[in-house]
1. What are the ³J(HN,Hα) values, in whole Hz, obtained from phi via the Karplus relation 6.51 cos²θ - 1.76 cosθ + 1.60 with θ = phi - 60°, for each residue of the stretch 233-250 in sequence order, with x given for Gly and Pro?
2. I'd like to know how the stretch 305-424 sits against the 2.2 N^0.38 Å rule of thumb: what's its Cα Rg over that expected value?
3. Give me the 1.4 Å probe accessible area per residue for the chain, excluding ligands and nucleic acids, in Å².
4. Specify whether the C-alpha gyration tensor of the stretch 103-254 places it in the rounded, prolate or oblate class, a ≥ b ≥ c being the square roots of the eigenvalues: rounded for a/c under 1.5, otherwise prolate if a/b is larger than b/c and oblate if not.
5. Would you please state the base-10 log of I(q)/I(0) at q = 0.11, 0.16, 0.20 1/Å for the stretch 356-432, with intensities from the Debye formula using one equal scatterer on every alpha carbon?
6. Given 353, 280, 490, which one lies farthest toward the positive end of the charge dipole of the chain, if we put +1 on the Cβ of every Lys and Arg and -1 on the Cβ of every Asp and Glu?
7. With a 1.4 Å probe and every protein chain kept in, tell me what percent of the accessible surface of the chain is carbon plus sulfur.
8. What's the local net charge at residue 77, with K and R +1, D and E -1, over the other residues with C-beta under 14 Å away?
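The values are calculated or read from the model by the stated rules, or taken from the named source; none is laboratory data. What you see is a predicted model, and the numbers here were worked out from it, not measured in a lab. Glycine also receives a Cβ, built like all others from the backbone with ideal geometry; neighbour counts cover every protein chain displayed. These area figures cover heavy atoms from the full protein model, side chains too; ligands, DNA and RNA do not enter into them. Shrake-Rupley method; radii C 1.70, N 1.55, O 1.52, S 1.80 Å.
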Amino acid sequence: ENRYLNLPNKNGAIKRTVTVAVDGQPVVTNEIELADATPDWWAFMDISDWRGKTVSVTVDKLPDDSNALAQIEQSDAIKGGENIYREPLRGQFHFSSKRGWNNDPNGLVFYNGEYHLFYQHNPYGWSWGNMHWGHAVSRDLVHWQELPDALAPDRLGPMFSGSAVVDWQNTTGFGRNGQPPLVLIYTAAGNPTVQCIAFSLDGRRFTKFDANPVLNQITGGNRDPKVFWHAPSKRWIMTLYVELNRTHTIHFFSSPDLKNWTYLSRTDGFFECPDFFELPVDDNPANKKWVLTAASSEYMIGTFDGTKFVPETPKLPGHRGRGFYAAQTFSDIPPSDGRRIQIGWFQTETRGMPFNQSMTVPLELKLITTSEGPRLTWTPIKELHILRTSTHLLTSTKLTPESSDPLANAKAELVEIRADFEPDNQSILLFTVRGAQISYDARTQKLIVNGHAAPAPLLDGRQNLVIYCDRTGLEVFASGGLTYVPMPFQPAPDNLSLSLKTTNGHVNVTRIEVHNLESAWPQQ
Ligand code: FRU
């Protein structure tokens, strides 16, 4: 009768095999740490599709005195959800799921005016497991609305990572009345491990292709298809992680219709979650290069003739921080926009919360020329500016170790700081943001975030820093985006202090902006 089944969850309890059947037909099986007594938190299962039918829950197996089944109840509300999005460790401008665990972003795509963020989701546990594709949509990449999970485990296995494309020319035949289908390409991680597709015409309801899989197992554990339309050869290209004779490889395949795939070539040396895209160098459309990257965010730059990637660089380092993994970029951003936008899995552990992990802010990727050749840059997307509420501005100041703290009176919970400065070669500039220490050491040209050092070259003797601080982490950018340092971090809730000083040398500060930010979640 109601929208949800609320399921009692106890972190660390024995995992029970829980099968849900509708009118006697088993629909989905999950491994759940059911609470026999008082739960830590409540997971919810959306059962609205089965309104009016008989839903039964079977557990194998429970102790005789367990209260687990008796506690399960149907409701139109998420039990314990009164405070949703206001929890002390809920990132306020980083996406996280209402309940359960997330890892990789999946199927990032722009379709019918909405950005879609799918993600590896365990709806029924605080840790990894029961892989579903969670689903959220946004019109501005900043405010996200969580929708019901798009894909649930089936007879082919749990739903591992993958991508999404808009099939503009209806090569699949899934389109109707001129409406191009949104197609998800994912790994069903059973035994064998196979690649499958599903489609939607409204961005809400997803139908798995009835002739899945579309690509059989090459070797066990092959996974994470990332697909794009290659206009010059008028066909789809898939990059797929495949372990071959103990070597990590990315395999390239082509397809006319997303259903039949032909092997093309391979590149060695990348593990899990490949992504592959073309970018102009220095915004010059006449000089484009291909970038191959994977879960670690290391990358190679090269050429692609529609069949084979030929690298022109060795493997280069990606992000320079911690807790960033399995990023992917959006498909089908309108050409009038033309940006390459990436979201990564931000490994922010949130103990005591009914959810765990999150996503980074959306990042714009570019290629710029450096003395060593073209390199990737990461910058936070401009849309994040809509979260600014009040601004503290500082212009042309010279800072020495004797200077008073220009931020002594500033306070912030959610904050964005932008700093442009010219340090002398002996100087160290130190920001303290709610207890986090972010310093730039001009002697070594390093950015140090909570003790973690990253190379951050001066550009024409100048440095620019961008710092975002949320309840679960920092994201720090330097050297025009050549240096990106994500860093999980939990500021003490009552520490709202900011400070800025030079501990060594002299720094000419051109401009500092401190923006207080508002939450991106709906206000209740
Ligand atoms: C990366 C990864 C992927 C896989 C998914 C499973 O974090 O291991 O390779 O598809 O997570 O959740």
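1. 9, 6, 7, 7, 10, 10, 9, 9, 6, 9, 8, 10, 6, 6, 9, 7, 10, 10
2. 1.43
3. Solvent-accessible surface per residue comes out at 40 Å².
4. It is oblate, given that a/c is not under 1.5 and a/b is not larger than b/c.
5. Log10 I(q)/I(0), no solvent term: -0.49, -0.96, -1.16.
6. Ranked along the dipole, the leading option is 280.
7. Its accessible area is 48 percent carbon and sulfur atoms.
8. -1
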